[in-house]
Each structure stands twice: as structure tokens, then as C-alpha cells.
1. Restricting the search to the range 156-204, which residues are of a type in the set (D, E, K, R), touching a residue at least 40 places away in the same chain (Cβ under 8 Å) and not in a strand (DSSP E or B)?
2. Would it be correct to say that residue 264 is in a loop (DSSP other than H, G, I, E, B), within 20 Å of residue 150 (Cα to Cα) and without any contact (Cβ under 8 Å) to a residue 24 or more places away in the chain?
3. Can you confirm whether residue 184 is at pLDDT 95 or above and under 27 Å from residue 16 (Cβ atoms)?
4. Name the pairs whose Cβ atoms lie under 8 Å apart, with the first residue in the range 222-249 and under 13 Å from residue 272 (Cβ atoms), the second surrounded by fewer than 17 Cβ atoms within 10 Å (Cβ to Cβ) and small (Gly, Ala, Ser), and 6 or more positions between them or separate chains?
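The values are calculated or read from the model by the stated rules, or taken from the named source; none is laboratory data. In this text the structure is predicted, and so the values were computed from the model without any measurement. Here the Cβ is made from the backbone with ideal geometry for all residues, glycine too, and neighbour counts use every protein chain on show.
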Amino acid sequence: MPPLFSIKIFKETSSGNPIIGMQSKETRAINVGYIEKKGKTIKFIPGRLNLGQTREEDTAEATVQSLRLPQVKKILSSYDPDDISTVTLLRETIACQLPLALFKAGIARHHGDCFIGANHIKKAHSITTSYAYENIEGLNPHGLWIIADSVAAGRNLLSTLGSLLTKFRPEELLFLVPIGNRWGINRLSALVKKKKIKKTTFIVWGALFGLNPENKYDEPWGLPDCEPIDVRDQQTFIDMYGSDLCVGGDFGNDYYCPPLALKLYKEQLKQLSIVPRIPSVREIMKIYKKEELVIR
């Protein structure tokens, strides 16, 4: 049986930056599922239905875990707290609660926080980014920047870095990527290399997922370019939904508008002709130990 907390060192990006993978019970609750107890009823809730505050709770805890990884602690300890800044995109990764996560991970204070308003504009045959807001008062122009966001094609992060790195040059970048794929991460890695950032590290949760080649957005467990940390997670999700369903849905609405996230989920099931086979708790407990799952 694999350890309860799994770490995997992936092959570096195409520009030579390290990628470190992590899977815990909290990250698994996001990309596979968790167990819910209500009175005498107990059932398995798949990650695509982990919406709103439960998802936010799991994300916040997983962020603390990411900052406590040995490789990340080494990075954090090499900087004075006044040289550490966080960058939060004002959508999905508000849930990462980066400043509080730093505090819980042992950094009692840091330089400050930068907030970015970047969001997807989705049309029938394209997805672009609207870069509408930038508050850089708390951003140290040098030192370490910690940035959290999921990465499909990397559109929002490319816009963010394209703006910030024209004005500042940090010593090092640390990316926390709740759902990400190698193709999009390589695009970010190429940009930071072009901007001559000395060191960059990517922390991913659950897997380097595959990326839908048609829309460069959906990231299913079942594509051939998926690189799982724990094959049980990949197989469990595929057994529920097949190979084509995106693990993330809408990365923002999953947290901040569950009714829209649920609507998208139902539309995708219909579009892909998927009849979910959600396992019973008994079936799930034949795959995982109790300690490997969030139970709430």
C-alpha cells in the first residue's frame, strides 16, 4: 500500500524547472472524492461534486501541506520573511488562503500580498483572458513570489506574469497548481526563463493531468499524457466517469458558484454520454485506507 501522503518528483519542465507532485487526503478530495456522513447516511462524494465551502476547506489545508513539503521548506527558509510575497488571482485560488497558509507553515509574517483580477472569457470556439485588475502594493519587487492557480493553457497566469515581470524581477517563483498539466506548465516555464528568473518551482496536486487537445482547457484523468502520482486515484475516477470527463469542471465556479458548477457537470455528462457509476463507501474502502480519505 502506498504511503498516506505521496510525493512524486516529476521530470523537469522543458525549460529545466522542477515539478513536484503531492497527493494527500485533502488533494484527493478535490480530484477524486471524499466520504460524507449525514446522520445515519454515509456515502462517497466524487470530486466533481465537492463544491463550495467543502472544496475551499480542502484547498486551504492542501495549500498548508504544500508549503510544508521538504523541498518547499528549504526554499522558504532561504528568504527573510520581508522578501516573501504572495500573488493571488481573484477567483479559484482565493481558496488557497496563501497568507494564512504561510503563517500555518511557520512563516509568522511576510512582505505582503498582490491581488490580480484575471478571468477567462469563454466563447463558442475560443477562451481568452480579461486582465482587469492589479493591486501590487504588497509585492516585493525582488525576493520570492508564491503564486497559486490551476493551469490548463496557463492563460491567466501568462497574462499576470506578462504584466508583473515587465515591472519587477523577483529572485524566485514558487507556483502551487491545484490542477495542472505539463503542456501549460511548460508555457509558463518558458516565459519565466525568457524573463531571466533564476529559480522557479511548480507544486502540483494529484497528477500532471492530460490536456484536451481541442479546447486546451479540460483536464481529464484519462488522457494518455496524464502522469498520476497514485494510479489508484486515476483508475477510481475513470471507473466512475470514463476517460473523458474533466477533473476540474469550472475552476472558479466550483468554489464560488456551486449551482453553475453543478449545471456544467450535468451538461458535460450529457454531452459525453456518461452515466456515472459512483462507488459505495464499501467499494471505496476496498481501494483506500480510512486515513487516505477526507471524512466529514
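1. 171, 182, 193
2. No.
3. Taking the combined requirement at face value, the residue satisfies it.
4. Cβ pairs passing all conditions: 222/243.
Residues checked against (1) of a type in the set (Val, Ile, Thr); (2) surrounded by fewer than 18 Cβ atoms within 10 Å (Cβ to Cβ); (3) farther than 14 Å from residue 93 by Cβ; (4) within 22 Å of the chain's Cα centre (by Cα):
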{"position": "144", "(1), (2), (3), (4)": "no, no, yes, yes"}
{"position": "148", "(1), (2), (3), (4)": "no, no, no, yes"}
{"position": "153", "(1), (2), (3), (4)": "no, no, yes, yes"}
{"position": "166", "(1), (2), (3), (4)": "yes, yes, yes, no"}
{"position": "174", "(1), (2), (3), (4)": "no, no, no, yes"}
{"position": "180", "(1), (2), (3), (4)": "no, no, no, yes"}
{"position": "185", "(1), (2), (3), (4)": "yes, no, yes, yes"}
{"position": "190", "(1), (2), (3), (4)": "no, yes, yes, yes"}
{"position": "194", "(1), (2), (3), (4)": "no, yes, yes, no"}
